[in-house]
Amino acid sequence: MFPAVQGQKPPSFFLLPHYACAQGRSGSAVMSEPVTGPIVIVGAGQAGMQLATTLRQLKCTAPITLIGDEPFPPYERPPLSKAYLAGELAEERLFFRKAQAYADQGIDLRLATRVSVLDRATRTVTTDRGETLAYAACVLATGSRARHLRIEGADLDGVLTLRGIADAKTLRNRVRPGLRAVVIGGGYIGMEIAASLTKLGARVTVVEALPRVLSRGVAPAIATYVAQRHQDEGVVLQTGVGVAAFEGGAAVEGVRLADGRTLPADLVVVGVGAVMNDELAAAAGLATDGGVVTDAMARTADAAVFAIGDVSVQDHGFLGRRVRLESVQNAVDQAKAVARTLMGQPTAMVEVPWFWTQQFDMMIQMVGVAEEGLEWVSRGDPTTGSFALYGLTDGVISAVQAVNSGSDYALGRRLVRDRTSAKASVLADPATDLKALLAKRA
């Protein structure tokens, strides 16, 4: 999962989002009046923060309430498994801005507060503090939570997950040189945690039930490259095997695998995906399907309720199908689109999805959604530490994945966005100037 680059600002080559105005039956843009009544945003993560601040940037004068269940003002989550966990980023640098800055913009930021009821009939939300807030528009940006394994020993001390600042602090405070750490899950979060714990001196083993790490959404050649880089750093990879139980007395002492082997462990981190926080929407009678179902403008079946960020299962304008995307890019672009909609210009976000992950000295940037059956074409030499793979669907560039190659990533965004046609032999030829493919379309 990839946002704006772990604590780093997006490089200058990032393209601006592309939006589409909603079309009426006649084909003309549908315009509505700006929302002037209270706007309640449930969830103070990346998406919720972006929506609130964008509304003020667009000169929205409506009352805005931003409700978060953590005691911290909105912060960046991506660094938690990378620079922050590795001790390379100070906590204060996680926060987008100080709490006072929200007040200065007329945003009522309410922290350590949960919304327990969404009443669509009365257009109100009720918090766990007993407050009832009226809304003209309610935006659900409730995100997700770490998935837990329901196996023997899952409640032992030392079996951890990583989702928020408190989790990252707990994990980092337990790590010491030589500590035996077992990471369950070889996806993005698991591999990022493995890299950070290794940097801190832990002896790390990653257990992945599938045949290879990074099995979902990453080209096999890049997954193999990443796996080898981890092994070069001393990470042990156990793939193709599941976890049967965690063993120990009061605290975890080992991980019993499905094949009967036991791995010694002083610490276990479970990174096996996330569960969407869609219960509030479901209880309010809104459609959910592994998240809150929305249209291309992030609207639910209730015209006054929207859903953005990780929790939104959206009809995606570019991909042409319903999809849920976990990335900073998606959260930011959805928030900006909804802000425009609330300001009277119904807007669908049709930006090309992009993602990134950083592990050791590898910056891996991905454009498009890597579907099964793509024809992958390699450019560059992996032995140099910088290369890229271009994915073709019926002769059209539909995905690009780059390792330490910002130029391929930047160009890839344009090639994928324009649905550029290319032959595999042309892409594979190092003498081919890929910019010429764009020129042909111009």
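A few remarks follow.
- Every condition in (1) more than 23 Å from the chain's Cα centre (by Cα); (2) surrounded by 17 or more Cβ atoms within 10 Å (Cβ to Cβ) holds for residue 218 except the one numbered (1).
- Subset of the range 351-393 [farther than 18 Å from residue 220 by Cβ and touching a Ser or Thr at 6+ places or on another chain (Cβ under 9 Å)]: 353, 354, 356, 360, 363, 386
- In the range 83-95, residue farthest from residue 161 (Cα to Cα) [restricted to those that are touching a helix residue (DSSP H, G or I) at 6+ places or on another chain (Cβ under 6 Å) and surrounded by fewer than 21 Cβ atoms within 10 Å (Cβ to Cβ)]: 89
- Qualifying residue in the range 272-284 (condition: at pLDDT 95 or above, farther than 30 Å from residue 139 by Cβ and either among the β-branched types (Val, Ile, Thr) or outside any loop (DSSP other than H, G, I, E, B) (or both)): no
- Failed item, numbered, when residue 80 is tested on (1) touching a helix residue (DSSP H, G or I) at 6+ places or on another chain (Cβ under 8 Å); (2) under 20 Å from residue 161 (Cα atoms); (3) in a loop (DSSP other than H, G, I, E, B): (3)
- Of all residues in the range 49-63, those being surrounded by 23 or more Cβ atoms within 10 Å (Cβ to Cβ) and either at pLDDT below 95 or in contact with a helix residue (DSSP H, G or I) (Cβ under 6 Å, 6 or more places away or on another chain) (or both) number 3.
- Index of the failed condition, residue 339 passing every other in (1) at pLDDT 95 or above; (2) surrounded by fewer than 19 Cβ atoms within 10 Å (Cβ to Cβ); (3) in the same structural domain as residue 320 (by TED's automatic domain parsing): (2)
- Being over 19 Å from residue 257 (Cβ atoms), loosely packed, with under 15 Cβ neighbours inside 10 Å and at pLDDT 95 or above is a property that residue 164 lacks.
The values are calculated or read from the model by the stated rules, or taken from the named source; none is laboratory data. In this text the structure is predicted, and so the values were computed from the model without any measurement. Note: ideal-geometry Cβ built from the backbone for every residue, glycine included; neighbour counts use all protein chains shown.
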